[in-house]
Ligand code: SF4
């Protein structure tokens, strides 16, 4: 047997029909995650053709993108503020009921951001192919699953056939060595990787994150890294499963149990890139030299270490246009830049460990005057867990708004928006123009950097606030 | 879907680099439950001011943009969100092809499934097109060529199967549905 990569193994195990020069492969999908925004037109196609969902047992729905984060709206005490969002929620309920798809619906105790609840419930497992009509499906690759985002037409195809037409991706190894310094998080690591690769650097490729730094990361941290693979243009991100993965999954409600667990783990152990296997490309990252990162521009590749100056790029019109939108200047220091809003949430950084990290900075402190701090847990489970630990009290005493779970201000579809021209330090994954609201200026950072900014009212080095 | 073979049109040039799908179709328009009518919201935040009035010098608001089917975008287009609303909006507006040096994977897939040709050309050709807005180009999907007004022809790659589907107006879902036997056999073999 020739040495093969993890990607190759995952690919081969799911080939229903292999690819040829004329036709792409037909690839089997083990788990299809769905949400309210990218499915209505797909269900309409099924209805139009008179087709059922082929495998409702492999399909799970939740609601996250347009759902309210205010409890009164969520629990129906007052109507959902946005009529368009309310309509989408109702339509998804109807579609799931009609087609027999399990729905962790608007008031379900297991509801949450689709990429957070998949792992949390143990639905996400090594060796699976996982798709969702959402680009951050790459998150699930942290478990050694081949997971990628698809469009709505493809959602319809998976609903109808449990398969997708796919061309094989190229492979890119991201080798990360060295220990992350105090106050330097997985978010900072992935921002540094995207800065190195560029926002199109991963196009056509599946990234496999490897090396001692990656092996030392917790599952939450690996998810943060894989989540943002798409921001380098990659089709998917992967981390080989190991003892940390198995320990995370053991006992989760939808994970295998008993004898099935032992059998599953035995199979998962083979999901590694063989020694000597060749990648199409490799890059090396030194983690030890990294500092907390922050973005200054309008794509996730435009970032600097927090104590660096915004680079000068004479003649680079893109750079100039981004800075104009952001109201920042080349050569300016990011430290000390005034900010208005802080958002701690999203599928990148709204897991319990992220909230705990933010709490270490916020505990006993208060947000600066005029700063709005919005903290939105990634799922209802995380919300309950955080409240059990008393994190909600730390947040509220620090002046934060503590909400129900959902995507919220990551893309502002539910009406949680950043004001025009305002600066928002956000733990989410995209700083595109208008992403958090028309004219909003997003600065991407880790939860502790975001928390430090909320306290200072300006960009601050979180390392100075860590006890 | 209607078959596509030749697209002959003047170009609209939008030179921004890394145009993401949030720009093409801002999130607040994703609450629709149909695919029609999205052309009205295409590039909404660049096209209209805060009061919803068209911004006169934005390229899609200029008279010469009317009827153009080919969008020449700056380097790398379609990164970000998987929203198919982006190609739906471009198609609904009237575009049939998008030309750039690099096109993000999900956007490329979504476009091919909706009769919008994603065309990747070399830097030189791209540079020329950006510098010459409004020229008439001819795209031949059968030959996989883009012809410039001076007669120069450049080849572009297009996934073989998607090309056949587009040329014949066949939809991929039908092809997948025709593989039921293979899918059943796979499920039986793997215990899925
Ligand atoms: S949190 Fe943001 S990035 Fe994640 S799924 Fe929701 S909208 Fe997408």
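The values are calculated or read from the model by the stated rules, or taken from the named source; none is laboratory data. A quick note: this is a predicted structure, and the numbers were derived from the prediction, not measured. Don't worry about glycine lacking a Cβ; one is built from the backbone with ideal geometry, like all the others, and counts go over all protein chains shown.
Brief remarks follow.
- Qualifying positions in segment A:367-387 - in contact (Cβ under 8 Å) with a residue 40 or more places away in the chain, assigned to a helix (DSSP H, G or I) and within 16 Å of residue A:68 (Cβ to Cβ): A:380
- Residue pairs whose Cβ atoms lie under 6 Å apart, sitting 6 or more positions apart in sequence or on different chains, and linking a residue in segment A:427-441 that is closer than 18 Å to residue B:19 by Cβ to a partner that is away from the ligand (no atom under 14 Å from the Cβ) and at pLDDT below 95, are A:434/B:45; A:438/B:45.
- Tabulated pairs, segment A:105-118, first within 14 Å of chain B (Cβ to nearest Cβ) and touching a residue at least 12 places away in the same chain (Cβ under 8 Å), second part of a helix (DSSP H, G or I) and within 13 Å of the ligand (Cβ to nearest atom), C-beta under 7 angstrom, 6+ apart or interchain: A:115/A:136; A:115/A:137; A:115/A:139; A:115/A:140; A:115/A:227
- In segment A:375-432, residue farthest from the other protein chains (Cβ to nearest Cβ) [restricted to those that are within 12 Å of the ligand (Cβ to nearest atom) and over 16 Å from the mean Cα position of the chain (by Cα)]: A:416
- The one condition in (1) within 16 Å of the ligand (Cβ to nearest atom); (2) within 10 Å of another protein chain (Cβ to nearest Cβ) that residue B:17 fails to fulfil: (1)
- Every condition in (1) within 15 Å of the ligand (Cβ to nearest atom); (2) within 18 Å of residue A:57 (Cβ to Cβ) is met by residue A:95 except one, and the failing one is (1).
- Residue among B:107, B:95, B:58 that is out of contact with any strand residue (DSSP E or B) (no Cβ under 7 Å at 6 or more places or on another chain) and more than 8 Å from chain A (Cβ to nearest Cβ): B:58
- Verdict on residue B:107 being within 16 Å of the ligand (Cβ to nearest atom), surrounded by 21 or more Cβ atoms within 10 Å (Cβ to Cβ) and under 10 Å from the mean Cα position of the chain (by Cα): yes
- Residue in segment A:346-368 that is under 23 Å from the mean Cα position of the chain (by Cα), on the phi > 0 side of the Ramachandran plot and crowded, with 23+ Cβ neighbours inside 10 Å present: yes
- Boolean, residue A:44 is facing another protein chain (nearest Cβ under 9 Å), within 16 Å of the ligand (Cβ to nearest atom) and assigned to a helix (DSSP H, G or I): no
- Restricting attention to segment B:80-98, the residues being away from the ligand (no atom under 16 Å from the Cβ) and either at pLDDT below 95 or under 8 Å from the mean Cα position of the chain (by Cα) (or both) number 7.
- The condition (being more than 16 Å from the ligand (Cβ to nearest atom), within 13 Å of chain B (Cβ to nearest Cβ), surrounded by fewer than 24 Cβ atoms within 10 Å (Cβ to Cβ) and over 13 Å from the mean Cα position of the chain (by Cα)) is satisfied by just one residue among A:196, A:170, A:210: A:170.
Here's the yes/no breakdown for (1) modelled with pLDDT under 95; (2) touching a strand residue (DSSP E or B) at 6+ places or on another chain (Cβ under 9 Å); (3) surrounded by 24 or more Cβ atoms within 10 Å (Cβ to Cβ):
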{"site": "A:52", "(1), (2), (3)": "no, no, no"}
{"site": "A:64", "(1), (2), (3)": "no, yes, yes"}
{"site": "A:69", "(1), (2), (3)": "no, yes, no"}
{"site": "A:98", "(1), (2), (3)": "no, no, no"}
{"site": "A:103", "(1), (2), (3)": "no, yes, no"}
{"site": "A:116", "(1), (2), (3)": "no, yes, yes"}
{"site": "A:136", "(1), (2), (3)": "no, yes, yes"}
{"site": "A:144", "(1), (2), (3)": "no, yes, yes"}
{"site": "A:147", "(1), (2), (3)": "no, yes, yes"}
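For every residue, the table says whether it meets (1) part of a helix (DSSP H, G or I); (2) buried (at least 24 other Cβ atoms within 10 Å of the Cβ).
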position: B:51; (1), (2): no, no
position: B:56; (1), (2): no, no
position: B:64; (1), (2): yes, no
position: B:71; (1), (2): no, yes
position: B:83; (1), (2): no, yes
position: B:86; (1), (2): yes, yes
position: B:89; (1), (2): yes, yes
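- Test: residue in segment A:62-77 that is at the interface with chain B (Cβ under 10 Å from one of its Cβ atoms), over 17 Å from residue B:176 (Cβ atoms) and part of a loop (DSSP other than H, G, I, E, B): yes
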